[in-house]
Amino acid sequence: MKCNLAVISGDGIGPEIVAQAKRVLDAIGEVYGHMFCYTEVLMGGCSIDVHGVPLTEEAILTAQAADAVLMGSIGGNTATSPWYQLPPEKRPEAGLLKIRKSLGLFANLRPAYLYEELKHACPLKEELANQGFDMMIMRELTGGLYFGERKTYTENGVTLAYDTLTYSENEIRRIAKRGFEIARKRRKKVTSVDKANVLDSSRLWRKVVEEVAKDYQDVELEHMLVDNCAMQLVKDPSQFDVILTENMFGDILSDEASMITGSIGMLPSASLNETKFGLYEPSGGSAPDIAGKNIANPIATILSAAMMLRYTFDLDKEADAVERAVKLVLKKGYRTGDIMSEGKIQVGTKEMGDKIVEEIKNQK
């Protein structure tokens, strides 16, 4: 199979971690007879430096013409970077919002899985870590507060600001369907998270999710308020299978879930539209303080590439091979600094890529 990928290496550690994901894909191509072709696209701060904007129309067209997008990380140090002296619509993260909207990427999948080898790094009580957990957070990505009308203005000498949270029943229905479909392939449970005791948008969310659930009688549905969900994630994360929620709640909960795995550097993500097309990226940020030092953890980006193999190209065997290679490398004791523990072998970004590529090739 020939796979045409748009590659957004981005800012900070992005180029380093994306480079390792590409090496892993090339190893998969070598072992399983596929060809991965890469077209580099600028987005974020690096695009501002070259084009004056975080995302050009040409970059969007290139991404739309690809089979999928592999992305690193976007942004810089908000306190010192000149990018953050620009108006909000010109800053690096504005490119993220624009590309999600332009590509119709409404469904964000963020798995949170606790590896047996990393249970020591889990900040939860030992008895909770020993139970393990394996959840998928389904976050609606193109609606809600982040895309609503907003304004900052002055009235009678006082500065005011507002942001508008809006959802249509169609936006809710399509993410709910995707959530139930994913749950059918897992443990058949959906936890829909909202704030229906306060927000009209959440009451509509709950109503539509219940309507969709009628078509998935084999999947258990429960509702949970977002504040309770935040507590339950640290009290008993093993209770969750698929967490289905709106944009802002999903943003916060998925970051919380990432930290109980031991390191955000372990967590991949996928953003899908209504076809097989997706954008695949690690859940972590650009970490400008460690950029260029060969110490960033590339595993989340490598696992994002595995999600791409699975969800866009239907290459389940190849995705399994990548995930298996990661587990073998961890089992052999190799760690980047963020997941390092006593008695293990610390390696850098490139060396971790080397080890995972080696394990893939050993599976021939």
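Would you call T166 under 23 Å from P88 (Cβ atoms) and in a loop (DSSP other than H, G, I, E, B)? Here the answer is yes, as T166 does meet what is asked. Scanning the stretch 122-137 for residues that are surrounded by fewer than 19 Cβ atoms within 10 Å (Cβ to Cβ) and either in a strand (DSSP E or B) or of a type in the set (S, T, N, Q) (or both) yields N130, Q131, D134.
Would you be able to say whether some residue in the stretch 297-316 is at pLDDT below 95, among the acidic types (D, E) and closer than 18 Å to I182 by Cα? Yes.
Name the residues in the stretch 219-238 that are open to solvent by 30 Å² or more (accessible area, probe 1.4 Å) and in a strand (DSSP E or B), would you? Of everything in the stretch 219-238, those that are open to solvent by 30 Å² or more (accessible area, probe 1.4 Å) and in a strand (DSSP E or B) turn out to be E220, L221, E222, H223, L225.
Just a yes or no: is a residue in the stretch 41-62 charged (D, E, K, R) and either in contact with a His (Cβ under 8 Å, 6 or more places away or on another chain) or in contact (Cβ under 8 Å) with a residue 60 or more places away in the chain (or both)? The answer is no; no qualifying residue exists. For the stretch 343-356, does any single residue satisfy the condition of being more than 15 Å from the chain's Cα centre (by Cα), open to solvent by less than 70 Å² (accessible area, probe 1.4 Å) and more than 18 Å from A21 (Cα to Cα)? No, the stretch 343-356 contains no residue that is more than 15 Å from the chain's Cα centre (by Cα), open to solvent by less than 70 Å² (accessible area, probe 1.4 Å) and more than 18 Å from A21 (Cα to Cα). Per the listing T301, T275, the residue uniquely of a type in the set (S, T, N, Q), under 19 Å from the mean Cα position of the chain (by Cα) and open to solvent by 20 Å² or more (accessible area, probe 1.4 Å) is T275. Which is open to solvent by less than 20 Å² (accessible area, probe 1.4 Å), in contact (Cβ under 8 Å) with a residue 12 or more places away in the chain, of a type in the set (S, T, N, Q) and out of contact with any Leu (no Cβ under 7 Å at 6 or more places or on another chain), of S283, S258, S254? Just a single option satisfies the conditions, and that option is S254. Selection of the stretch 312-337 for residues being over 22 Å from M35 (Cβ atoms), in a helix (DSSP H, G or I) and open to solvent by less than 70 Å² (accessible area, probe 1.4 Å) yields V326, L328, V329, L330, G337.
Applying the selection to the stretch 246-265, what residues are of a type outside the set (A, V, I, L, M) and either under 19 Å from K185 (Cβ atoms) or part of a helix (DSSP H, G or I) (or both)? Within the stretch 246-265, N247, F249, G250, D251, S254, D255, E256, S258, G265 qualify. Contact map, the stretch 220-246: first residue modelled with pLDDT under 95, second residue open to solvent by 60 Å² or more (accessible area, probe 1.4 Å), Cβ cut-off under 6 Å, separation 6 or more or different chains; the map is empty. Every condition in (1) out of contact with any Cys (no Cβ under 9 Å at 6 or more places or on another chain); (2) more than 25 Å from Y115 (Cα to Cα) is met by V193 except one, and the failing one is (1). Residues being part of a helix (DSSP H, G or I), open to solvent by less than 90 Å² (accessible area, probe 1.4 Å) and farther than 16 Å from F106 by Cβ: count how many of those fall in the stretch 169-186. Final tally of qualifying residues: 1. Can you name the residue in the stretch 65-100 that is open to solvent by 40 Å² or more (accessible area, probe 1.4 Å) and within 19 Å of the chain's Cα centre (by Cα) and, of all such residues, is nearest to G143 (Cα to Cα)? So, considering only residues that are open to solvent by 40 Å² or more (accessible area, probe 1.4 Å) and within 19 Å of the chain's Cα centre (by Cα), the one nearest to G143 (Cα to Cα) is L97. Determine whether the stretch 145-157 contains at least one residue that is under 19 Å from the mean Cα position of the chain (by Cα), in a helix (DSSP H, G or I) and among the aromatic types (F, W, Y). The answer is yes; a qualifying residue exists.
Those residues that are among the charged types (D, E, K, R) and open to solvent by less than 60 Å² (accessible area, probe 1.4 Å), I need them from the stretch 187-216; list them, please. Result: K189, D194, K195.
Each row is one residue, and each column tells you yes or no for (1) part of a strand (DSSP E or B); (2) over 25 Å from T245 (Cα atoms); (3) of a type in the set (V, I, T).
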residue	(1), (2), (3)
Y84	no, yes, no
E89	no, yes, no
A94	no, no, no
R100	no, no, no
A112	yes, no, no
E117	no, yes, no
H120	no, yes, no
R139	yes, no, no
T142	no, no, yes
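What residue, among those in the stretch 145-163 that are surrounded by 12 or more Cβ atoms within 10 Å (Cβ to Cβ) and at pLDDT 95 or above, is farthest from R100 (Cα to Cα)? Filtering the stretch 145-163 for residues that are surrounded by 12 or more Cβ atoms within 10 Å (Cβ to Cβ) and at pLDDT 95 or above, the one farthest from R100 (Cα to Cα) comes out as D163. Does D26 fit the bill of being closer than 22 Å to A300 by Cα and open to solvent by 60 Å² or more (accessible area, probe 1.4 Å)? Yes; evaluated as a whole, the condition is true for this residue.
The values are calculated or read from the model by the stated rules, or taken from the named source; none is laboratory data. Note that this is a predicted model, so its numbers are computed, not measured. With ideal geometry, Cβ positions are generated from the backbone for all residues, glycine too; neighbour counts draw on all protein chains shown. Protein only, heavy atoms only, side chains kept; ligands, DNA and RNA dropped before computing areas. Shrake-Rupley method; radii C 1.70, N 1.55, O 1.52, S 1.80 Å.
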